[in-house]
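Okay, so here's the structure we're looking at.
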Amino acid sequence: MAPRFQLDEDDANIRSIAVQPQVPEYAYGQVYSQRRMAIRQWMIQQVEWETPMLASIQKRLRAPLLDKFFVLTGMLGNHAFFFLALPFLHILGLGPFARGVSNVVLLSVYLSGLAKDYVSAPRPASPPLVHITRSPAHTFEYGFPSSHTTYVVGTIMYITWFMYNVWNVHVLWIGVLWVFGASIVFGRIYCGLHSFVDIAGGFLVGTVEALVLIACNDALDSLMLSWTGPLYICGALYLALSTIPRSLEMCPCCVDTFCALSVIAGIYVGAWAYALLPSHIGNTDPAYIAWSTSLTLTQNVLRGVVCIGAIVAWKATSKPVAIKLVKAFIVEENEAPVGFDSEATTDVEPSQDIQESASKGHANAMRYVLPSKRDIQKGRYGTYSLMCHAEDIARVPIYSGIGFIVAFIAPVLFYYLGLAPV
């Protein structure tokens, strides 16, 4: 059986866990709370109601050129794009703005993933829709809310506020930015990956998030760069990671959340450490990485090469060490219950309908074994297997290191390599 989703090629643990049959519907009713089930069932009904309309829209509009265009715009709104784009905001000396945009983008990953795992609503069915994407992982995540819509709307709202209130950019360019964002959002409908309710949910989450950060980012920045900043950062990281809800399907959203929150923590710890440097190494204003218009194009390009090169080198070399350290301090549960085990036992009795479903040859119903009541109460089911594994816990130091490189290591290297302003 092919993997349900694809992440890093060297993530053998995730690939092995991902090879699972679909969770039967009855399992959700046995494991989730009544409120959670009511939300999920309403979402499923809404998506099913929209699906014929979405299929009609897609069939009417599809063209080879539009396929390529919306796949491209979708790639400009994914994690890989921001992995490459966000560091440049920092190394170009944009300081609080760069940290604010990073907060919006990375918190969007967290908030949308949190909602996806809690609601556990599937994407529109294919067929009748065609899922147009270059990333198979997207098709195996839950659908509500659209993560692309969340961080596109949140990021553009935050940038718009800066453009209009701080930089006095002409409204025409702000309009161009919103048209670009709208193309990414509509592309999720065109590509058959989301319903209208998914888009609406993403728009709502992104809007609220952006408004909160616009109002609070200066205070948040000052708090995190204070002497006690690292304590707040570690506490917030632990609280956020510990509140991720378990989902029955092996949705990789929780893995993205580990990475995104860790990068935020690394950026703030790096910015905090950078502010402690002597002014001749750092900047006269410690809130900004040293940069000046006096730097040549070649110097700016080399700054980008040094920063991205350091990130790539760190990610390639830190993983084995991080995994060994995690295994040394944490007792790993190799047999964490994920719900699929032909020899497992459970004290949750299936209903008569379930037994009849199994007797009629429904393979998923026959192969799926419900977690025990004890495991359900402790949250030891579904994506618990992803969250408790050493390879995934190791993402915290790995991705925190990426943020730290951007905010501290890279600007120090710029100074010693002659790439900082004189």
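No value in this document is a laboratory result; all are computed from the given coordinates. Note that the structure is predicted; figures quoted are calculated from it, not measured. All Cβ positions, even for glycine, are placed from backbone atoms using ideal geometry, and neighbour counts span all protein chains on display.
Convex hull over the alpha-carbon atoms of region 159-269: what's its volume per residue in Å³?
134
Where does the charge balance sit around Phe70 when Lys and Arg score +1, Asp and Glu -1, over other residues with C-beta under 14 Å from its C-beta?
Spelling it out: positives minus negatives among the neighbours equals +3.
Can you tell me the equivalent ellipsoid semi-axes for region 139-188? Use √(5λ) from the Cα gyration tensor, largest first, whole Å.
Semi-axes from the Cα gyration tensor: 26, 11, 5 Å.
What is the local net charge at Pro124, summed over the other residues whose Cβ is closer than 12 Å to its Cβ (Lys, Arg +1; Asp, Glu -1)?
Every neighbour counted, the sum reads -1.
Label points 7 Å out from Cα along the Cβ direction at Thr243 and Ala313: separation in nm?
Inter-label distance under the simple model: 3.8 nm.
How big is the equivalent ellipsoid of region 236-276 along its three axes, where each semi-axis is √(5λ) from the Cα gyration tensor, reported in whole Å from largest to smallest?
27, 10, 4
Kindly rank 170-183, 229-242 from highest to lowest mean number of other beta carbons found within 10 Å of each residue.
Per-residue mean Cβ counts within 10 Å order the peptides as 229-242, 170-183.
List the pairs from Lys319/Lys373; Lys315/Lys373; Lys68/Lys116; Lys68/Lys319 whose alpha-carbon separation is above 31 Å, in the order I gave them.
Result: Lys319/Lys373; Lys315/Lys373; Lys68/Lys319 exceed 31 Å.
Figure the gain on full extension for Gln34 and Val130 (residue separation times 0.36 nm, minus the Cα-Cα span) and round it to one decimal in nm.
Length difference between fully extended and current span is 31.3 nm.
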